[in-house]
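To start, the structure itself, in structure tokens.
Only the coordinates and a few stated rules stand behind these numbers; no lab work does. Fair warning: this is a prediction, and the values are worked out from it, not measured in the lab. No Cβ is skipped: glycine too gets one built from the backbone with ideal geometry, and neighbour counts run over all protein chains shown.
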Amino acid sequence: MLPLVFLPGTPVLLAGRGPALLKRLGVLEAAGLTALTVHTDAADEALAGRLGSRLRPRLPGAEEIGAARLLFVAGLAREEAARLAAAARAQSVTVNVEDIPELCDVHVPAIVRRGGLTLTVSTAGGAPVLAAAIRAWLEDTFGPDWAAHLEEVAALRATLRARGATPAEVIRGVGAHLAAAGWPPLQGAARCPPAAPAPGA
């Protein structure tokens, strides 16, 4: 497996119907996607109101799929899902089809979000219950306060870089801050790295 993080501006298309579509929509909305379009021929008034201009009241055609970088399919019959997946692959668009692994290029891991901090768990599809258990542990271990912790560290990093600190100095400064803060579960885990070159710190 090769875990990747797609940026919020990535063009994403979601196609499907019913509860599975709504579940996947919730995951994608939580990711803060700014270029998400949703294709469904079964939108009720509530869903139409929720989606607004993001709604396309039909399943997508090949041209619409080709304009995306990621295609998610949820709640469709296998034949419909296979057709959309084939159209995506023909145009080098990455595809995920809910509950049909053989039609997928990628799968979605278990996710915990704390502001800009994203923690994920994957078992390569082999043990979803284990992934859910670990996600629950992460939710308890990294509580809501970690959103503020991340902002604090990001602000420190930006300040050090603005002052002209080298990448190695930034790493050492942030490492020292983490060690001093003593945030569980980092107590005793944070170390100041050696002053080695570290581009993009």
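Relative contact order for the chain: 13 percent, from Cα pairs under 8 Å spaced at least 6 residues apart, divided by residue count. Of the trypsin sites (Lys or Arg not before Pro) found in segment 87-188, the ones in coil according to DSSP and having at most 11 other Cβ atoms within 10 Å of their Cβ are R163.
Annotation: Cα Rg of segment 1-108 relative to the compact-globule expectation 2.2 N^0.38 Å equals 0.97. Of the DSSP H helices in the chain, those with a Cα length along their own long axis of 24 Å or more and a mean Kyte-Doolittle hydropathy reaching 0.0 comprise 145-162.
Of the GluC sites (Glu not before Pro) found in segment 36-107, no site is in coil according to DSSP while having at most 15 other Cβ atoms within 10 Å of its Cβ.
Once the Kirkwood radius over Cα pairs is known for the chain, the Stokes-Einstein relation at 10 °C and 1.306 mPa s delivers a diffusion coefficient of 82 µm²/s.
The overall shape of segment 132-173 is prolate: from the C-alpha gyration tensor, with semi-axes ordered a ≥ b ≥ c, the ratio a/c is 1.5 or greater and a/b exceeds b/c. If you wrap the Cα atoms of segment 69-132 in a convex hull and average its projected area over all directions, you get 5.2 nm².
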